[in-house]
Amino acid sequence: MINLTAYKEYWECLAKRIPLITGVLPVTVDEAMAKRIATLKTGSVTLFVLPPAAESEGKNIDCFKEGNECVVFVMEKYDPQRRDAWNVLESSQVVTEKLKSRMLDDLASGCSLMRFDVSTLNTLPETQFFAGFAGWSVGFKIIT
């Protein structure tokens, strides 16, 4: 399983390398989270980080390893009466591509946390996320 503190710190450091990202928000499912999300400013591009789910990939006790299913969301808060979701997807796509590029750079440089399987890197459009957000989810698998 991935250390959550190190995982959160990785995303905070990565976001600092992409000036268009205005914040990082580790996501939990509770009332306080909904209130925090509601206070984000229109036009902000937030990186929502979900805790990874771990699943055993080991066949024997001497070589135990886990596949950690990871998902982050690059989401822009917008006013649906002024912009449509397609326009938000277009603008947030630029940020998402920069994020993936930095992830690949970190993998190539030997980052100990981001040892992800490149073949598992998936990007999906997301609209009507928390009502008033649109953007992209980026999924990948890290082996620990």
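Worth pointing out:
- Count - residues of the stretch 72-121 that are part of a helix (DSSP H, G or I) and of a type outside the set (Phe, Trp, Tyr): 26
- Failed item, numbered, when Met33 is tested on (1) surrounded by 11 or more Cβ atoms within 10 Å (Cβ to Cβ); (2) more than 21 Å from Val138 (Cβ to Cβ): (2)
- Unique match (being closer than 17 Å to Ala15 by Cβ and of a type in the set (Gly, Ala, Ser)) among Ser56, Ser112, Ser92: Ser92
Each row is one residue, and each column tells you yes or no for (1) open to solvent by less than 90 Å² (accessible area, probe 1.4 Å); (2) of a type in the set (Ser, Thr, Tyr); (3) free of Cβ contacts under 8 Å to residues at least 24 places away in the same chain.
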residue	(1), (2), (3)
Ile37	yes, no, no
Val45	yes, no, no
Glu90	no, no, yes
Thr96	yes, yes, no
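- Selected residue [in contact with a strand residue (DSSP E or B) (Cβ under 9 Å, 6 or more places away or on another chain) and surrounded by fewer than 16 Cβ atoms within 10 Å (Cβ to Cβ)] from Phe116, Phe73, Phe64: Phe64
- Failed item in (1) surrounded by 13 or more Cβ atoms within 10 Å (Cβ to Cβ); (2) assigned to a strand (DSSP E or B), with Glu55 passing the rest: (1)
- Flag for Gly139 being closer than 17 Å to Thr46 by Cα and at pLDDT below 95: no
- When the test is whether a residue is among the hydrophobic types (A, V, I, L, M, F, W, C), free of Cβ contacts under 8 Å to residues at least 12 places away in the same chain and either open to solvent by less than 60 Å² (accessible area, probe 1.4 Å) or within 27 Å of Met1 (Cβ to Cβ) (or both), Ala108 passes it.
- Checked against the criterion of being surrounded by 12 or more Cβ atoms within 10 Å (Cβ to Cβ), under 16 Å from the mean Cα position of the chain (by Cα) and more than 15 Å from Val74 (Cβ to Cβ), the stretch 14-28 contains not a single residue that satisfies it.
The values are calculated or read from the model by the stated rules, or taken from the named source; none is laboratory data. None of these values were measured; they are calculated from a predicted model. All Cβ positions, glycine included, derive from the backbone under ideal geometry; neighbour counts span all protein chains shown. We work out accessible area using only protein heavy atoms, side chains counted, and drop any ligands, DNA or RNA first. Shrake-Rupley method; radii C 1.70, N 1.55, O 1.52, S 1.80 Å.
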